[in-house]
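Trainee: Here you go, one structure.
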């Protein structure tokens, strides 16, 4: 019998939930606009901060069904890894490593998500010739 459930299913579902919880509430309550206007525009992205904020949130939102359906995982991974790396550089690195405990809002969660996405993109491991 053919294996119809991917070995990354649980991890893909977990990442889909994380992306959903990261984007859906901010879209529904409108705080994505504050992220664009009150943060991104002020740190140098004006007048495009609002568009960038929406692009980030919509990238996460569009990624959810692809993660669940096991489709287009490399483009999904690349787009989200880019977002996570920029988030590390702009937001999390200045706060240190720890998200909680030894600090607040640090890089550790984004670091983990990047490597989880790489694992999802390459479920059989990275192959070097």
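Trainee: How would 34, 124 line up from fewest to most surrounding beta-carbon atoms within 10 angstrom?
Mentor: Least to most surrounded, the residues fall as 124, 34.
Trainee: Take each of the peptides 89-96, 63-70, average the number of other beta-carbon atoms within 10 Å over its residues, and list them starting from the highest.
Mentor: 63-70, 89-96
Trainee: As a check on your grasp of the helix formula, calculate [θ] at 222 nm for the chain: sum -39500 (n - 2.57) over DSSP H runs of n ≥ 4, divide by the residue count, round to the nearest 500.
Mentor: -19000 deg cm²/dmol
Trainee: Something else now. Expected output is a single nm value to one decimal: the length gained when fully extending between residue 61 and residue 46, i.e. 0.36 nm times separation in residues minus the C-alpha distance. What is it?
Mentor: Extra length available between residue 61 and residue 46 comes to 3.0 nm.
Trainee: Angle, helix 108-121 long axis vs. longest principal axis of the chain, Cα atoms, 0 to 90°, nearest 10?
Mentor: Between helix and principal axis, roughly 40 degrees.
Trainee: For the chain, take the longest principal axis of its alpha carbons; what is the angle in degrees between that and the long axis of helix 49-69, to the nearest 10 within 0 to 90?
Mentor: Orientation of helix 49-69: about 20 degrees from the principal axis.
Trainee: Candidates (1) -0.29, -0.77; (2) -0.34, -0.80; (3) -0.36, -0.87; which is the computed log10 I(q)/I(0) by the Debye sum over Cα atoms at q = 0.10, 0.16 Å⁻¹?
Mentor: Among (1) -0.29, -0.77; (2) -0.34, -0.80; (3) -0.36, -0.87, the one calculated here is (3).
Bear in mind these aren't lab numbers, they're just calculated from the coordinates by the rules spelled out. Predicted model, so just to flag it, every value in this text is computed and none were measured. All Cβ positions, even for glycine, are placed from backbone atoms using ideal geometry, and neighbour counts span all protein chains on display.
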